[in-house]
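The block underneath contains the structure these notes are about, expressed in structure tokens.
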Amino acid sequence: MNATDPKGLTRLLAGAPRNWGRWGEADEIGALNYLTAEEVKSGMSSVRGHRTFTLGVPIGTPAGDAVFPGRWPARHYMVADKAGFEAGHWQALPGGLEFADDYVSGFAQAGTHCDALGHMWFDDTLWNGYSAHTTNGGMKKASIEPIARRGIVGRGVLLDMARFRGKPYLGRAETFNHNDLMECARWQGVEIRPRSILLIRTGWVGALSRGEEKVGEDYWEPGLTFSLDLARWFDDMQIPCYATDTLANETTYEADTGIMLVLHAALMRNLGVVFNEMAWLDDLAQDCADDRHFEGFYNASPVCVCHGTGGAMNPIFIK
Ligand code: UVW
């Protein structure tokens, strides 16, 4: 099995768990179904100091935002500003009020975002068995809309893999698995309970923002790497959603085969696990390291883009 095999994923994931039909034939939110009122309560009761952290990265940055190869950064244009009023392009509103307006365009998957469950597929089939043809001209199934309507709210656990490994950030192509996550949790003194939302810090987005790492042609992120055991662990633990501070939530290639983005297939497409990518976790991680409290209340919802493949968001973590 290798990356040139068009059926590479089919073969790699033979025997991997799949949640299709588990929440009915019409389901479009997958493992978010695990987030019931109990999980909201558990998230709220894990709050101690009521400190809030926003996890969205800035977009439209003067230096140019880091985005996955093949995409380009968000573009920001001023439509109305004081100069426009002075030049006579705009007139003050009755009573004298003037205003600034702007226009932002960019990829749904640039910046901190949530992927729709139908964002990636193989074998012509999306999450829950929907045909890949339902993506044509806009997602008719498993778009970002149902996730935006539901919201992602529950008990979040920060797993600081970079600190655990004694590094400012994990290196290019550095990997870890579910056993490492559990060891990291033990080291931190926090419990990964069933239905926890995992926030996995690699330090990578911080390194990109400081220019210590760059997105280039041979881009290869650090992150979780696939195994059947890892997929089974996510399934057994009923993980509804996980966030990372990388652009795509997993190491870019499987080292043995060169197959790309395997967890988008094994976790998102097969299990319905929701991906929150490119989260800013450095400030939260510092606070957790200071007070040794690694859990809290995670709240997020993507922008509700009609038929969209994903949506920008700015999650809030309260601890
Ligand atoms: C890719 O598409 C590579 O990643 P994301 O999950 O951000 O969309």
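Annotations for the structure displayed:
- Prolate/oblate/rounded label for segment 130-243 (Cα gyration tensor, a/c 1.5): oblate
- Gap separating the Cα centres of segment 1-79 and segment 92-166, nearest whole Å: 8
- Environment charge of ASN128, counting only residues whose C-beta is closer than 13 Å and scoring Lys/Arg +1, Asp/Glu -1: +2
- Under 5 Å from the amide H of CYS241 lie the amide H atoms of LEU198, VAL274, each residue being 5 or more positions distant or on a separate chain, with H modelled from the backbone and absent for Pro and chain starts.
- Whole-number percent relative contact order across the chain, with pairs defined as alpha carbons under 8 Å at least 6 apart: 31
- Residue-wise HN-Hα coupling along segment 94-109, computed from phi with Karplus coefficients 6.51, -1.76, 1.60 (Hz; x: Gly, Pro): x, x, x, 6, 10, 7, 10, 10, 9, 10, 10, 10, x, 5, 4, 9
- Straight-distance crosslink candidates among lysines, where the alpha carbon sits under 29 Å from LYS7 and sequence neighbours closer than 8 are dropped: LYS140, LYS141
- A simple count of charges around HIS293, restricted to other residues whose Cβ falls under 12 Å of its Cβ and scoring Lys, Arg +1 and Asp, Glu -1, yields 0.
- Applying a DSSP loop filter and a limit of 14 other Cβ atoms within 10 Å to the GluC sites (Glu not before Pro) in segment 210-264 leaves GLU212, GLU217.
- Computed from backbone phi with θ = phi - 60° and the Karplus coefficients 6.51, -1.76 and 1.60, the 3J(HN,Hα) list for segment 306-319 is 4, 6, x, 8, x, x, 4, 8, 10, x, 10, 10, 10, 10 Hz; x is used for glycine and proline.
- Placing dummy labels 7 Å off each Cα toward the beta-carbon, the span from ALA83 to ASN33 is 5.4 nm.
- Shape category assigned to segment 195-289 from the gyration tensor of Cα positions, a/c cut at 1.5: oblate
- By the count of other C-beta atoms within 10 Å, a proxy for reagent exposure, GLU183, GLU39 are ordered fewest to most as GLU183, GLU39.
- Computed label-point distance, nm, for sites ARG165 and PHE99 using a 7 Å Cα→Cβ extension: 4.9
Values quoted throughout were computed directly from the atomic coordinates according to the rules given, and no laboratory measurement underlies them. Note that the structure is predicted; figures quoted are calculated from it, not measured. Reconstructed Cβ throughout: ideal geometry from the backbone, glycine too, with neighbour counts over all protein chains shown.
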